[in-house]
1. Go through region 1-89 and name the GluC sites (Glu not before Pro) that are in a DSSP coil and have 11 or fewer other Cβ atoms within 10 Å of their Cβ.
2. Label points 7 Å out from Cα along the Cβ direction at Leu78 and Asp107: separation in nm?
3. With each label point set 7 Å from Cα along the Cα-Cβ vector, what nm distance links Glu181 and Glu156?
4. Would you pull out the residues with amide H under 5 Å of Phe103's amide H, same chain only if 5 or more places away, H placed 1.01 Å from N?
5. Chymotrypsin sites (Phe, Trp or Tyr not before Pro), restricted to region 154-207: which are DSSP loop and have at most 16 other Cβ atoms within 10 Å?
6. With θ taken as phi - 60° and the coefficients 6.51, -1.76 and 1.60, list the Karplus ³J(HN,Hα) couplings across region 69-77 in order, rounded to whole Hz; mark glycine and proline as x.
7. Which of the three applies to region 107-207, rounded, prolate or oblate, going by the alpha-carbon gyration tensor with a ≥ b ≥ c and a/c under 1.5 meaning rounded?
8. To the nearest 20 debye, what is the magnitude of the charge dipole of the chain about its Cα centre, counting +1 on the Cβ of each Lys and Arg and -1 on the Cβ of each Asp and Glu?
Amino acid sequence: MPTAKLHITLPDDVWIAQVSSAHPDAEFRVLAAFPADETGVGLLEITSSDLPSVVADMDDREDIVRLDLQQASEESALVEFETTAPLLLFSVQESGLPLELPFVIEDATAEVELTASRDRLSAFTAQLEAFGMDFDVEYVREMVNSESLLTQRQQELLNTAVDEGYYDTPRECSLTELADEAGVAKSTASETLHRVEEKIVKEYVGS
């Protein structure tokens, strides 16, 4: 099943586009979002060097019908809000996609990652267009499920390799150290990992 990452440009007349454009250095991290009758309720983590100004700007918007400051520090705040214009939430509902949280909004652009069938992703982008939201697709990737490809022995060695830092950059574990940790000969570790990598790469490219 493919995973897509989109950068969605929010319409100028929506409160979050206006507020985030007025405060381009602020980050709005959407932690929760759900429908409530004809409105949408959300939980935002806001990070800004001018936090009081950002929160006050939100509170002044007509399409914010409720705003509760849950907690705040010098440069971050947790805010629960209710809005009459939850366009992203409506788009997700219409396409039947689960909304993957959290996602970030900065300077009138939402960065969203979705995992769904290509038909559902297509329906979602159609809804974005219907609501007047432009978007760019950063990538669409087919996710590879290694557990369905590998034997138990291969999966165990792969897990050990990742845990020990064999695939880190720079590498934290040599092949010899990995073989010792896994309790196998160095030649066995090398051959097994080569087969693992071959299976995963071919599955990824084939998808």
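The values are calculated or read from the model by the stated rules, or taken from the named source; none is laboratory data. These numbers were taken from a predicted model, which means no experiment stands behind them. All Cβ positions, even for glycine, are placed from backbone atoms using ideal geometry, and neighbour counts span all protein chains on display. Areas reflect the complete protein model, heavy atoms only, side chains present, ligands, DNA and RNA absent. Shrake-Rupley method; radii C 1.70, N 1.55, O 1.52, S 1.80 Å.
1. Those satisfying the criteria are Glu38, Glu62, Glu74.
2. Spacing of the two 7 Å Cα→Cβ label points: 2.9 nm.
3. 1.6
4. Val30
5. Tyr167
6. 7, 7, 7, 7, 10, 5, 10, 9, 8
7. In terms of gyration-tensor shape, prolate.
8. 1160
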